Amino acid sequence: MTAAQLRRRYELCSDTRVHIIVIGCGRVGSELAMQLSEDGHSVVIIDKNRDAFRRLTRFHGSTLLGSGFDRDILMKADASHADALAAVTSGDNTNILCARIARDTYDISNVVARIYDPQRADIYMKLGIPTVATSLWTTQQVKRWLLPSDESIEWTDGTGSLHLVERIVPDALAGRPLTHFNLADHVRVVGLIRGGQGRVDIEGLFAQEDDMLEFLVTNQGVDELRDLLTEEGS
């Protein structure tokens, strides 16, 4: 199986349609909304500036004019049935407020906020609000928080037999030693992102909620890792 075939296989395996709210239609928000809608998800994007929606050149979702923490707007966005929310406006306070409302009022399971101040990002991460500082922000990173079951592959070697993947630790597996995620000769934990900081000195560490783990896996290991995270993490 070639690397391209393997990627396509797991794109199909993770092709579950979910309802996602994106607050902020700037450069990041618009690109995120377009990617998610192209992936087949139900997407609503909210912004206070009508002209911002002009960025949505290939968007198949819905737009709402207004504030992301306005209850009437969130009701129109069907927040009570949303699976994920990304707050990516230009204001830290707005993003954190929207993230907290999404998590605490609407019980949205996958929430992430964009934060411009890295120090504040660390504080909010410790409080249980997933955040990404602007200097570290990419569309792929936020998609990880919104779609933790995403099984995409970050990198494949020239032979198509070794792959680098990122996975978020399921809540049910928090507290396990990182060695628990090493599977025979096919899966190895090689790095950890915690509180917005990456590290490779992971010997003796235990997994925490919202940790992002970096794995090197073989073709067989992709299947084994998926089974571990879905069966034990459910």
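The values are calculated or read from the model by the stated rules, or taken from the named source; none is laboratory data. Values in this document were obtained by computation on a predicted structure and should not be read as measured data. We place every Cβ from the backbone using ideal geometry, glycine too, and count neighbours over all the protein chains shown.
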Q: Run down SER90, SER62 and say which single residue is at pLDDT 95 or above and in the same structural domain as PRO130 (by TED's automatic domain parsing).
A: SER62
Q: Tally the residues that are of a type outside the set (Val, Ile, Thr), in a loop (DSSP other than H, G, I, E, B) and crowded, with 18+ Cβ neighbours inside 10 Å, restricting the search to the range 107-122.
A: 0
(Q) Looking only at the range 54-89, count every residue that is buried (at least 17 other Cβ atoms within 10 Å of the Cβ) and part of a helix (DSSP H, G or I) and tell me the total. (A) 4
Q.
Being surrounded by fewer than 21 Cβ atoms within 10 Å (Cβ to Cβ), under 16 Å from VAL88 (Cβ atoms) and not hydrophobic (A, V, I, L, M, F, W, C) is the filter here; which residues of the range 41-53 pass it?
A. LYS48, ASN49
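Yes or no, residue by residue, for (1) modelled with pLDDT of 50 or more; (2) in a strand (DSSP E or B); (3) of a type outside the set (A, V, I, L, M, F, W, C):
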residue: ALA4; (1), (2), (3): no, no, no
residue: GLU11; (1), (2), (3): no, no, yes
residue: ASP15; (1), (2), (3): yes, no, yes
residue: LEU32; (1), (2), (3): yes, no, no
residue: ILE45; (1), (2), (3): yes, yes, no
residue: ALA52; (1), (2), (3): yes, no, no
Q) Could you count how many residues in the range 153-170 are of a type in the set (Val, Ile, Thr) and loosely packed, with under 15 Cβ neighbours inside 10 Å? A) 1
(Q) Contact list please: Cβ distance under 9 Å, first residue in the range 71-86 and at negative phi, second residue charged (D, E, K, R) and at pLDDT below 95, pairs at least six apart or on different chains. (A) ALA79/ARG71; SER80/ASP107; LEU85/ARG103; ALA86/ARG114; ALA86/LYS143
